[in-house]
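Undergrad: Please find one structure pasted underneath; my questions will follow.
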Amino acid sequence: MPELAMIEAPSALGLRPGGVEDLPAALLDAGLRDLPGAVPFGRVEAPAYDPERDPETGILNGGGIARYSAALADVVGAALARGRFPVVLGGDCSILLGNLLALRRRGRHGLLFVDGHTDFYQPAAEPTGEAASMDLALATGHGPRVLSDIEGRGPLVHDEDVVAFGFRDSAESAEAGMQLLPPRLRAIDLGEVRAAGAAVTARRAVDWLCAGPGSGYWIHLDVDVLDDAVMPAVDYRLPDGLTWSELETVLRTAMSSGHAVGLDVTIFNPRLDPDRLFAVRLAECLGHGLSVLTGRV
């Protein structure tokens, strides 16, 4: 049973300083550091935040995110090399690039992208240039090269090796002019989850990823995939979403395949959770999902 390498990635470079950078400490204090098999495996600090949008790429902190991704990839790669299961605590969704860069250095892998948004914006359609709204596009090689071709290794994951799961922003993204998801990228929106059930759709996603040519898959979790009624401590809120039980089912299904190689958790904002209620509940949910790996709850 692999040890869980707890990696702190408190970067807000793809969003803005305002709370998500406090996620690692909040979740560790809420119980993650006490999970069976959990071991601390370092903290990767972000460079200074630049609030000026780059006129050439249209992205905030593009160069900083590229440098941060390489530094984070070094730590994630070290955990993988020791046979550990990285649990990377963000931070905003742009930390996904560093995690996938670590895998790309090792070969070809898949991605289970569990998020309330599809994050496939191009800079021209993203109002403020936040890479946290573009991370899936950038990871699959769609966007400015500074982030879509880090270290000359782009795309970090192929379209056909991705399943976007649980999103509910189709109307919003279409109105904003977001580019369409590529036809080879597998998309399972919240409506499909509700129609067939979380267990069935999670199994479909995992079967798809396991049948691909990659050497396992990364799990990206943006906590805004949860129902806004049970997880309001996020910066960009949308009505509806997964229940706690549904998310736990997705995580346990993804972990139980034997092909998951790592997990990141992003976007939870502890400053919107002054009583720590949501941090504790999120830590419990993650613990139940990760218990499939450790064999203990």
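The values are calculated or read from the model by the stated rules, or taken from the named source; none is laboratory data. As the structure is a computational prediction, the values presented were derived from the model and not from experiment. Positions of Cβ are backbone-derived with ideal geometry, glycine not excepted, and every protein chain shown enters the neighbour counts. Surface accessibility is based on the protein's heavy atoms, side chains included, excluding ligands, DNA and RNA. Shrake-Rupley method; radii C 1.70, N 1.55, O 1.52, S 1.80 Å.
Undergrad: What ranking do 119-132, 230-243 get when scored by the average of other Cβ atoms within 10 Å per residue, highest first?
TA: Going by the mean number of other Cβ atoms within 10 Å, highest first, we get 119-132, 230-243.
Undergrad: While we're on this one: Going 7 Å from the Cα of ALA125 along its beta-carbon direction, which residues of region 141-155 have the amide nitrogen within less than 17 Å of the resulting point?
TA: It comes to 141-144, nothing else.
Undergrad: Over the C-alpha atoms of region 1-87, what are the Rg and the largest Cα-to-Cα span, Dmax, in Å?
TA: 14.8, 48
Undergrad: At 1.4 Å probe size, with the rest of the protein present, what percent of the exposed accessible area of region 178-291 is carbon and sulfur atoms?
TA: Summing carbon and sulfur atoms, their accessible area is 54 percent of the total for region 178-291.
Undergrad: Quick one: length gained pulling SER245 to ASP149 fully straight, 0.36 nm per residue minus the C-alpha distance?
TA: 30.9 nm
Undergrad: Just to verify a number: FRET efficiency for VAL39 and ASP275, C-beta to C-beta distance, R0 = 35 Å, to 0.05?
TA: Using R0 = 35 Å, I get an efficiency of 0.75.
Undergrad: So what is the calculated 222 nm ellipticity per residue for the chain, using -39500 (n - 2.57) for each DSSP H run with n of 4 or more, over all residues, to the nearest 500 deg cm²/dmol?
TA: -10500 deg cm²/dmol
Undergrad: Which value, in Å³ per residue, describes the convex hull spanned by the Cα atoms of the chain?
TA: For the chain, the hull spanned by Cα atoms encloses 109 Å³ per residue.
Undergrad: Where in the chain are the helices, taken as whole DSSP H runs, whose Cα atoms extend 20 angstrom or more along the long axis and whose Kyte-Doolittle mean reaches at least 0.5?
TA: Long hydrophobic helices here: 62-81, 277-294.
Undergrad: Could you tell me the center-to-center distance, by alpha carbons, between region 103-172 and region 29-80 in angstrom?
TA: 16
Undergrad: Can you order the peptides 107-115, 157-165 by their average number of other Cβ atoms within 10 Å per residue, highest first?
TA: Most protected by this proxy first, the peptides run 107-115, 157-165.
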